[in-house]
Amino acid sequence: MAPSSVVMTIRIRQPIVSVLGHVDHGKTTFLDRIRGTGVVDREAGRITQHIGATEVPTEVILRVCGPLIRGKNLTIPGLLFIDTPGHESFTTLRARGGSLADLAILIVDIMEGIKPQTLESINILKQYKTPFMIGLNKLDRINGWVVEEDEAFIMNLQKQDDLLKEELDNRIYDLMGELSKHGFNTDIYTRVNDFRKTIAMVPMSAVNGIGISDALMILIGLAQRFLEEELNIEDGPAEGTILEVKEEKGLGTTLDSIIYSGVIRKDDRIVVGTRGEPVILRVKSLLKPRPLDEIRDPREKFDNVHEAHAAAGIKILAKNSEDVIAGAPLRVVSGAMTEEMAVKEVKSLTEISFETTTDGIYIKADAIGSLEALHYLLKGKDVKIWKAEVGDISERDIKEVGSFDDPLRRVILGFNVRTLPEVEGLAEESEVRIIRNNVIYKIIEDHEDWFRKRKQELDDERRMEYAHPAKFLVLRDHTFRISKPAVVGVRVLAGRIRQSQSVMREDGKVLGKIVSMQSEKRTLKEAKMGEEMAMAISGPMVGRHFNEEDVLYIDIPERKVPELLRTELSVEEKEVLEHIITVKRKDRPTWGMG
């Protein structure tokens, strides 16, 4: 259709509501209760891994809320809920430089309270100026709480005794106080007068349905009161985001998408992002999940529709869409949106714009959103990124990472990606660690564990390469042999001691070398602070060169001093090193300066 013949109509679209919160606080369970589904049971580790979408029509909201909104005129056509893997994926849902979400509900476990990820969620919402409310979930976990299925919180509260009401109040006031420290004004929704200035809190139980009606009432109220003008849209060419690319039996490759502006029609040409250049596809079919169904895990067959208007979750069928990546933007070529403009816009939005450094690590994921989520969490842990790519782990990846000089960088983190058997073998040969999981938080934890253990191994290896600052006490009445070699009982006072190291007195005179160390008839390769053992020292004679109850030191080679000064040492080890430097510099003021 030519641009001059396009007729624009303005209407109110349903607001997009993002469901955020700390892992396992009940985000998907909240939506499952509204939908009557069991999506959470089919997620890996019962933790949401990908972004899903569910449309909740106005008639359902009216039915669920019942008397809470009876008599009120709802002009909003419904709510489109976006279920995210956590606060971090919210940042990947962008439209025109801002947040894709119009509203949000932050789910907080009332028993666990505010977690670091909860605060990060709030700060992100604040940054995007997104109106939101807090669902205080797991109300039924309060010991003795009287549960009534699907009851409004304000009705359910009346059934609790005074002690339970007091406990709830205490928990709410604790949360209010904690959030107040971070600059957030919150209160239980029944006490909120100005929803622009105070964040409403709704106690609820997603498992039993308590408070769900209250939460929906607040969300629809916020949308009607503050967003109605923003929800006025023109039915121009659609703009959207690809949520997931997957193979469907009998359909082939499909594109789960969110259309947040305009309209998309069957046979439209669309531009979408790939790992390389954007591709231009023709829409073969549009499949829309039925109301209350989940686009990523539907119970019923999709409806085949001719067109879909924002805001909507839609499954798109188009030939040659295999290279499209999740998280990529989508633009319909029509009217004022020319093919050239669409390609340019999609290309700029598809580029992964992470801050990378030459001393970072390599991360891979199955989607841009997942990659950004992984990057976001790693940044919070001060982990630097060298490269970030969408796709499975390949031989090329292993060869690149295997060439790093720093062993702590020889690691690839992969979210929801595959590795072929030959890749695993090559990784082992190249001493490259692959950390894969389909739970993002587990990848972060596994990397932290690997990094800590590998660093300790490397520190131990380095200590084996050079003399480590250490001192030990010659024990009284523990001379087993006077000389050739001298064998005495000792206790390590600081640092670590190993065989073949040179021994010196406090005045700097070198006595000889450690021949061996034994404890309970076991030969020791190394002895640490606090350990006692028998030590054989070649060279000195007990009573002539040193005595029982003397404190002796490990002699440090001068060339190793600059390296030791850069090494992480304990307080005791630093004191030993400083003493040795002081003693040595009495004769040579520049000793150990490199």
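Taking the condition of being modelled with pLDDT under 75 and more than 23 Å from Asp24 (Cα to Cα), how many residues in the range 113-130 meet it?
Total meeting the criteria: 2.
Can you name the condition, by its number, that Leu68 falls short on among (1) out of contact with any Gly (no Cβ under 9 Å at 6 or more places or on another chain); (2) among the aliphatic types (A, V, I, L, M); (3) closer than 24 Å to Tyr260 by Cα; (4) at pLDDT 85 or above?
Unmet condition: (3).
Out of curiosity, is Asn156 touching a Pro at 6+ places or on another chain (Cβ under 9 Å), assigned to a helix (DSSP H, G or I) and farther than 21 Å from Asp24 by Cβ? Give the derivation first.
Details: touching a Pro at 6+ places or on another chain (Cβ under 9 Å): yes; assigned to a helix (DSSP H, G or I): yes; farther than 21 Å from Asp24 by Cβ: yes.
Spelling it out, Asn156 is indeed touching a Pro at 6+ places or on another chain (Cβ under 9 Å), assigned to a helix (DSSP H, G or I) and farther than 21 Å from Asp24 by Cβ.
Exactly one condition in (1) on the phi > 0 side of the Ramachandran plot; (2) touching a residue at least 40 places away in the same chain (Cβ under 8 Å) is false for Glu520; which is it?
Of the numbered conditions (1) on the phi > 0 side of the Ramachandran plot; (2) touching a residue at least 40 places away in the same chain (Cβ under 8 Å), the odd one out for Glu520 is (2).
Determine, yes or no, whether Leu473 is outside any helix (DSSP H, G or I), more than 20 Å from Asp550 (Cα to Cα), touching a strand residue (DSSP E or B) at 6+ places or on another chain (Cβ under 7 Å) and at pLDDT 95 or above.
Numbers: outside any helix (DSSP H, G or I): yes; more than 20 Å from Asp550 (Cα to Cα): no; touching a strand residue (DSSP E or B) at 6+ places or on another chain (Cβ under 7 Å): yes; at pLDDT 95 or above: yes.
No.
For (1) at pLDDT below 90; (2) within 27 Å of Val417 (Cβ to Cβ); (3) surrounded by fewer than 18 Cβ atoms within 10 Å (Cβ to Cβ), each residue gets a yes or a no:
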residue	(1), (2), (3)
Asp268	no, no, no
Gly276	yes, yes, yes
Asp293	yes, no, no
Ala310	yes, no, no
Ala328	yes, yes, no
Thr338	no, no, yes
Lys344	no, no, yes
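Out of the residues in the range 278-291 that are in contact (Cβ under 8 Å) with a residue 60 or more places away in the chain and not in a strand (DSSP E or B), state the one that is surrounded by the fewest Cβ atoms within 10 Å (Cβ to Cβ).
Here is the first cut: in the range 278-291, the residues in contact (Cβ under 8 Å) with a residue 60 or more places away in the chain are 278, 280, 289, 291.
Imposing the further condition that a residue be not in a strand (DSSP E or B) reduces the set to 278, 289, 291.
Values: Pro278: 24, Pro289: 25, Pro291: 13.
Ranking the qualifying residues of the range 278-291, first place goes to Pro291.
So which residues in the range 186-219 are assigned to a helix (DSSP H, G or I) and either without any contact (Cβ under 8 Å) to a residue 60 or more places away in the chain or not assigned by TED's automatic domain parsing to the domain that holds Pro77 (or both), if there are any at all? Even if it seems obvious, please write down each step before you answer.
Narrowing the range 186-219 to residues assigned to a helix (DSSP H, G or I): 189-191, 212-219.
Hits for the range 186-219 are Tyr189, Thr190, Arg191.
Mind checking which strands (runs of 3 or more DSSP E) fall wholly inside the range 524-584 and carry at least 3 residues that are surrounded by 15 or more Cβ atoms within 10 Å (Cβ to Cβ)? Walk me through it before giving the result.
On the way: elements: 526-528, 532-538, 551-554.
Of the strands (runs of 3 or more DSSP E) lying wholly inside the range 524-584, those with at least 3 residues that are surrounded by 15 or more Cβ atoms within 10 Å (Cβ to Cβ) span 532-538, 551-554.
Might you check whether a residue that is closer than 29 Å to Leu62 by Cα, β-branched (Val, Ile, Thr), assigned to a loop (DSSP other than H, G, I, E, B) and not assigned by TED's automatic domain parsing to the domain that holds Phe30 occurs anywhere in the range 249-268?
Kept after step one, since they are closer than 29 Å to Leu62 by Cα, are these residues of the range 249-268: 256-264.
Filter once more, so that each one left must be β-branched (Val, Ile, Thr): 258-259, 263-264.
The next check asks that each one be assigned to a loop (DSSP other than H, G, I, E, B); those that pass are none.
Within the range 249-268 (the criterion being closer than 29 Å to Leu62 by Cα, β-branched (Val, Ile, Thr), assigned to a loop (DSSP other than H, G, I, E, B) and not assigned by TED's automatic domain parsing to the domain that holds Phe30), the answer is no, since none of the residues qualifies.
Only one of these is in the same structural domain as Lys453 (by TED's automatic domain parsing) and under 30 Å from Glu457 (Cβ atoms): Glu372, Glu395. Name it. Working first, answer last.
On the way: Glu372 fails: under 30 Å from Glu457 (Cβ atoms).
None of the other options fit; the residue is Glu395.
Looking at the range 325-337, can you tell me whether even one residue there is without any contact (Cβ under 8 Å) to a residue 60 or more places away in the chain and in the same structural domain as Leu251 (by TED's automatic domain parsing)? Step through it out loud before you land on a result.
First, the residues of the range 325-337 that are without any contact (Cβ under 8 Å) to a residue 60 or more places away in the chain: none.
Among the residues of the range 325-337, not one is without any contact (Cβ under 8 Å) to a residue 60 or more places away in the chain and in the same structural domain as Leu251 (by TED's automatic domain parsing), which makes the answer no.
Does the range 235-274 hold any residues that are within 18 Å of Lys344 (Cβ to Cβ) and among the basic types (Lys, Arg), and which are they?
If the condition is that a residue be within 18 Å of Lys344 (Cβ to Cβ) and among the basic types (Lys, Arg), then Arg269 is the only one that fits.
Output the residue which, of all residues in the range 75-91 that are surrounded by fewer than 23 Cβ atoms within 10 Å (Cβ to Cβ), at pLDDT 50 or above and β-branched (Val, Ile, Thr), is nearest to the chain's Cα centre (by Cα).
Filtering first and then ranking leaves Ile76.
If you check Lys442 against the conditions, is it free of Cβ contacts under 8 Å to residues at least 40 places away in the same chain, under 25 Å from Glu244 (Cα atoms) and not hydroxyl-bearing (Ser, Thr, Tyr)?
No.
Of a type in the set (S, T, N, Q), crowded, with 17+ Cβ neighbours inside 10 Å and either at pLDDT below 90 or more than 12 Å from Gly135 (Cβ to Cβ) (or both): which single residue out of Gln158, Gln224 fits that description?
Working: Gln158 fails: crowded, with 17+ Cβ neighbours inside 10 Å.
Within the list Gln158, Gln224, the selection yields Gln224.
Hey, could you check the range 166-185 for residues that are in contact (Cβ under 8 Å) with a residue 24 or more places away in the chain and outside any helix (DSSP H, G or I) and say which is farthest from Met133 (Cα to Cα)?
His182
Tell me yes or no: at least one residue of the range 510-523 is surrounded by 16 or more Cβ atoms within 10 Å (Cβ to Cβ), in contact with a helix residue (DSSP H, G or I) (Cβ under 9 Å, 6 or more places away or on another chain) and under 22 Å from Lys484 (Cα atoms). Lay out the reasoning, then the answer.
First, the residues of the range 510-523 that are surrounded by 16 or more Cβ atoms within 10 Å (Cβ to Cβ): 511-514, 516-517.
Filter once more, keeping what is in contact with a helix residue (DSSP H, G or I) (Cβ under 9 Å, 6 or more places away or on another chain): none.
Among the residues of the range 510-523, not one is surrounded by 16 or more Cβ atoms within 10 Å (Cβ to Cβ), in contact with a helix residue (DSSP H, G or I) (Cβ under 9 Å, 6 or more places away or on another chain) and under 22 Å from Lys484 (Cα atoms), which makes the answer no.
Which of the numbered conditions does Trp145 fail, given that it passes all the others? Conditions: (1) free of Cβ contacts under 8 Å to residues at least 12 places away in the same chain; (2) in a loop (DSSP other than H, G, I, E, B).
Just one mismatch for Trp145, condition (1).
Return the residue satisfying two criteria in turn: it lies in the range 548-594 and is more than 20 Å from Lys509 (Cα to Cα) and hydroxyl-bearing (Ser, Thr, Tyr), and of such residues it is modelled with the lowest pLDDT.
Thr567
Looking at the range 200-239, which of its residues are out of contact with any helix residue (DSSP H, G or I) (no Cβ under 7 Å at 6 or more places or on another chain) and within 30 Å of Ile172 (Cβ to Cβ)?
Within the range 200-239, Ala215, Leu219, Gly221, Leu222, Ala223, Gln224, Arg225, Phe226, Leu227 meet the criteria.
Which of the residues that make up the range 162-197 are of a type in the set (Asp, Glu) and farther than 19 Å from Ile122 by Cα?
Within the range 162-197, the first condition is being of a type in the set (Asp, Glu), and the residues that meet it are 162, 166-167, 169, 174, 178, 187, 194.
Within the range 162-197, Asp162, Glu166, Glu167, Asp169 qualify.
The values are calculated or read from the model by the stated rules, or taken from the named source; none is laboratory data. Here the structure is a predicted model, which means the values were calculated and not measured. In this analysis, Cβ positions are derived from the backbone assuming ideal geometry, glycine residues included, and neighbour counts consider all displayed protein chains.
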